[in-house]
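Novice: This structure is in structure tokens; I'll ask about it shortly.
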Amino acid sequence: MIIPYDMIEPETLKSLIEEFVSREGTDNGYDDALAKRVAQVLSRLKSGDMVIVFDQESQTPNILHKDVARQILSEQDV
């Protein structure tokens with residue numbers, strides 16, 4: 001299920017994005033400040049390039065590229 005970013009409380013959204021950009025394996029090779037990386041992800045959410053997906057089975061949210069999210073969601077419908 002895709003959750004519109006603007007339906008999430010701002011502080012909760014900020015925490016979700018911070019957790020996402022802090023995950024192991026998301027290092028972009030640059031030493032950008034956390035605030036800058038959060039702003040970049042928020043910008044991509046606003047543009048629709050990335051989306052927030054809630055997995056009902058694990059009861060967890062995730063941030064994915066829109067194409068990856070569509071693929072995963074279409075596989076679940078099969």
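The values are calculated or read from the model by the stated rules, or taken from the named source; none is laboratory data. Everything numeric here is computed off the predicted structure, so don't read it as measured data. Every residue, glycine as well, gets a Cβ built from its backbone with ideal geometry; the counts of neighbours run over all protein chains shown. Heavy atoms of the whole protein, side chains included, go into the accessibility calculation; ligands, DNA and RNA do not. Shrake-Rupley method; radii C 1.70, N 1.55, O 1.52, S 1.80 Å.
Novice: Taking the solvent-accessible surface of protein heavy atoms with a 1.4 Å probe, what is the per residue accessible area of the chain in Å²? Walk me through the intermediate numbers first.
Specialist: Details: 5630 Å² over 78 residues.
With the other protein chains kept in place, the chain gives 72 Å² per residue.
Novice: Something else about it: Gln40 to Lys66: FRET efficiency via 1/(1 + (r/R0)^6), r the Cβ-Cβ distance, R0 22 Å, to the nearest 0.05?
Specialist: On the way: r = 16 Å, r/R0 = 0.71.
With a Förster radius of 22 Å, E is 0.90.
Novice: Quick one: putting +1 on the C-beta of Lys and Arg, -1 on the C-beta of Asp and Glu, what dipole do you get for the chain around its Cα centre, in Debye to the nearest 20?
Specialist: The calculation lands at about 280 debye.
Novice: Do you know the relative contact order of the chain, to the nearest whole percent, from alpha carbon pairs under 8 angstrom that are 6+ apart?
Specialist: About 32 percent, as a whole number.
Novice: Rounded to the nearest percent, how much of the accessible area of the chain (1.4 Å probe, protein heavy atoms only) is carbon and sulfur?
Specialist: 52
Novice: Next question. Where is the GNM fluctuation largest for the chain (alpha-carbon springs, 10 angstrom cutoff): Ser58, Ser43, Ser22?
Specialist: Residue with maximal mean-square fluctuation among Ser58, Ser43, Ser22: Ser58.
Novice: Right, here's the next one. Could you rank Met50, Met7 by how accessible they are, 1.4 Å probe, largest area first?
Specialist: Met7, Met50
Novice: Could you tell me the largest-minus-smallest coordinate of the C-alpha atoms of the chain on each of the three principal axes, in descending order and whole angstroms?
Specialist: Largest first, the chain extends 41, 28, 24 Å along its Cα principal axes.
Novice: Starting from the amide H of Ile3, placed 1.01 Å from N in the peptide plane, find each other amide H under 5 Å away whose residue is 5 or more places distant or on another chain.
Specialist: Ile52, Val53, Phe54
Novice: What full-extension length gain, to one decimal in nm, is calculated for Ser47 and Glu11 as 0.36 nm per residue of separation minus the Cα-Cα distance?
Specialist: Between Ser47 and Glu11, full extension yields an extra 11.0 nm.
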